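Participant: One structure is given below, represented as structure tokens, and several questions about it will come after.
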Amino acid sequence: VIVYGENFPETRGLHCRFGASGSVPASWISQYEIRCLAPSNHPGKVQVYVTINGMDYVEESLTLEYRPAKTIVSIHPESGPVDGGTTVTVSGTGFQDGQTPKTLIPFCKFGAIEVMADVLNNSMLTCRTPAAFNLEASTVPISLALRFLHSKRKIHYEAHEQLYFQYEVRPIVE
């Protein structure tokens, strides 16, 4: 979570507290901006408080809304040709929850290569595989993220377990 304000000092006592949970260290970015890693929580709203000494919190707070986790459960098919073009169906949750801003675009990532995804409904989307980047690494991890089209900021989906896509050389029939 990025917190904007004024007069943030670069000190070890700089922390954020999310609701009634314990505090987490803040990363100082500038006197106007800090970053705090939000702890996991159940869906709902919590107040975010800032302290510069680890004990005394400022009176002003921000509201953070926790939403149900976006997850990836499975992909099908799990393999395709090295030249790409396979339509992979990704099953999960939270793909179209009505709370995600329309400016965030879903991307599938095959190894190091991102491709845009096509959301079918809240639990299913499709991606076309890119050509294999490295023929030596025929099995690549697949992940999913939402991001603004021209930005590096992302919201990552959680996978119950790491999913992989297997690139295969097309057979030759003579």
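Participant: Along region 111-124, what does the Karplus equation 6.51 cos²θ - 1.76 cosθ + 1.60 (θ = phi - 60°) give for ³J(HN,Hα), rounded to whole Hz, x for Gly and Pro?
Facilitator: Listing the rounded values in order: x, 9, 10, 9, 9, 5, 9, 10, 7, 8, 6, 5, 10, 8 Hz.
Participant: Excluding same-chain residues fewer than 8 positions from K70, which aspartates and glutamates have a Cα within less than 15 Å of its Cα?
Facilitator: In chain and number order, the partners are D97, E158, E161.
Participant: Whenever you get a sec, line up Y4, Y66 from highest to lowest accessible area (probe 1.4 Å, protein heavy atoms).
Facilitator: Descending accessible area places them as Y4, Y66.
Participant: Just read off the accessible area of T63 with the full protein assembly in place, 1.4 Å probe, to the nearest 10 Å².
Facilitator: 90 Å²
Participant: Using θ = phi - 60° and the Karplus form 6.51 cos²θ - 1.76 cosθ + 1.60, what ³J(HN,Hα) does each residue of region 166-174 get, whole Hz, x for Gly and Pro?
Facilitator: Couplings: 9, 7, 10, 6, 5, x, 10, 9, 10 Hz.
Participant: Using a 1.4 Å probe over the heavy atoms of the protein chains, calculate the carbon and sulfur portion of the accessible area of region 1-86 as a whole percent.
Facilitator: 52 percent
Participant: Taking every DSSP beta bridge that has both residues in the chain, what percent is antiparallel when rounded to the nearest 5?
Facilitator: Here the share of antiparallel DSSP bridges comes out near 90 percent.
Participant: Keeping every protein chain in place, order M55, M116, M124 by accessible area at 1.4 Å, biggest value first, i.e. largest first.
Facilitator: Largest accessible area first, the list is M55, M116, M124.
Participant: With every protein chain kept in place and ligands, DNA and RNA left out, what is the accessible area per residue of the chain? Probe 1.4 Å, answer in Å².
Facilitator: Computed with neighbouring chains in place, this is 65 Å² per residue.
Participant: Whenever you get a sec, line up L62, L104, L37 from highest to lowest accessible area (probe 1.4 Å, protein heavy atoms).
Facilitator: Largest accessible area first, the residues go L37, L62, L104.
The values are calculated or read from the model by the stated rules, or taken from the named source; none is laboratory data. Just so it is clear, the structure is predicted and the values come from calculations on it, not from any experiment. What goes into the accessible areas is simple: the full protein's heavy atoms, side chains included, and nothing from ligands, DNA or RNA. Shrake-Rupley method; radii C 1.70, N 1.55, O 1.52, S 1.80 Å.
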